[in-house]
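Structure first, commentary second.
The values are calculated or read from the model by the stated rules, or taken from the named source; none is laboratory data. Here the structure is a predicted model, which means the values were calculated and not measured. Using ideal geometry, Cβ is built from the backbone for each residue, glycine included, and neighbour counts are taken over all protein chains shown. Remember, those area values only see protein heavy atoms, side chains included, never the ligands or the DNA or RNA. Shrake-Rupley method; radii C 1.70, N 1.55, O 1.52, S 1.80 Å.
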Amino acid sequence: RERVQLRYEIDKNHLAILWRFSLPAFLAGSLVVPVTWVVNALLVNQRNGYHEMGLLNAANQWRALAILVPNVANRVVLAVQSNLYAEADRVRFHRALVANLMILTALSGVVAVGLVIAAPWIMKAYGEGFSAGVSVLTLLAASWFLLAPTWVLWNAMVSSNQVWQGLFFNAVGAAILLAGAWAWRDRGALGISGAYVLSAAVQVLIQGAYYIWWRRSEVP
């Protein structure tokens, strides 16, 4: 009505953000559901599969406790790290990252050890049929402890525009998990738990090695 001319065009800067951040972050988050579904499908299709699935689910309910502190702390630290990286203060950026890495890994270790010690009583509380899940909870606790550093390093990659690299490490972990679950599927929940440990161990090793190389390239 006011004869205002509207011009529609795509902002190339926004497209760059979609490619550098939004797409790889979305893909990284989307890996969890299908990979978990495949692993669970492998388990329930084995002998006594639904019983074994019950053991795995009972033990896996304690994952929320194991990742509570890292999840809360990482949200706060991400803002700090992003600010330090944007200001090109690489020394303080990496100091904050290493401090966060040490603190959260230690706290996750305390929780994991607590779960391992309490595993017999925790699983017994679900009923007599869940007593065989003690080893399952022990292995899952170990995998959660191993994954704690990877969550901190994921934050570092997000804050430094390396989300594609983070997606790669998550994809490697997912591939190892699927391979381990397939290889040990006949061992029931214990085999699946072992696959989670193997996946976490491989991911933290390669992600840690990459961080060491990256830090040396930035802070002589």
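List of remarks:
- Remark: spin-label model distance Ala209-Phe21 equals 3.1 nm, labels positioned 7 Å along the Cα→Cβ axis.
- Rounded to whole numbers, the Karplus 3J(HN,Hα) couplings from phi for the stretch 100-111 are 4, 4, 5, 5, 5, 5, 5, 5, 5, x, 4, 5 Hz, using 6.51 cos²θ - 1.76 cosθ + 1.60 with θ = phi - 60°, and x at Gly and Pro.
- Label-point separation, Leu6 to Ala125 (7 Å along Cα→Cβ), nm: 5.8
- Between Ser199, Ser160, Ser108, the Gaussian network model of the chain with springs among Cα atoms under 10 angstrom shows the greatest mean-square fluctuation at Ser160.
- Taken one residue at a time, the phi angles of the stretch 164-172 give Karplus couplings (6.51, -1.76, 1.60, θ = phi - 60°) of 4, 5, x, 4, 4, 5, 5, 5, 4 Hz. Gly and Pro are set to x.
- Whole-Hz Karplus values for the stretch 46-57 come out as 9, 4, 6, x, 6, 5, 5, 5, x, 4, 5, 5 Hz, taken residue by residue from phi with 6.51 cos²θ - 1.76 cosθ + 1.60 and θ = phi - 60°; glycine and proline positions read x.
- Each of Ser160, Ala59, Ile117 was scored by the projection of its Cα onto the charge dipole of the stretch 48-200, and the greatest displacement toward the positive side belongs to Ser160; charges sit on the C-beta of Lys, Arg, Asp and Glu.
- Descending semi-axes in whole angstrom, ellipsoid equivalent of the stretch 21-144, from the Cα gyration tensor: 35, 20, 9
- Surface exposure of the stretch 162-220, expressed per residue as accessible area with a 1.4 Å probe, stands at 49 Å².
- Mean separation of Cα pairs under 8 Å and 6 or more residues apart, divided by the residue count, gives the chain a relative contact order of 29 percent.
- Ratio of Rg to Rh over the chain (Cα coordinates, Kirkwood Rh, two decimals): 1.09
- Accessible surface of the chain [probe 1.4 Å, protein heavy atoms]: carbon and sulfur percent: 65
- Peptides ranked, highest mean first, by Cβ atoms within 10 Å: ranges 67-79, 6-18: 67-79, 6-18
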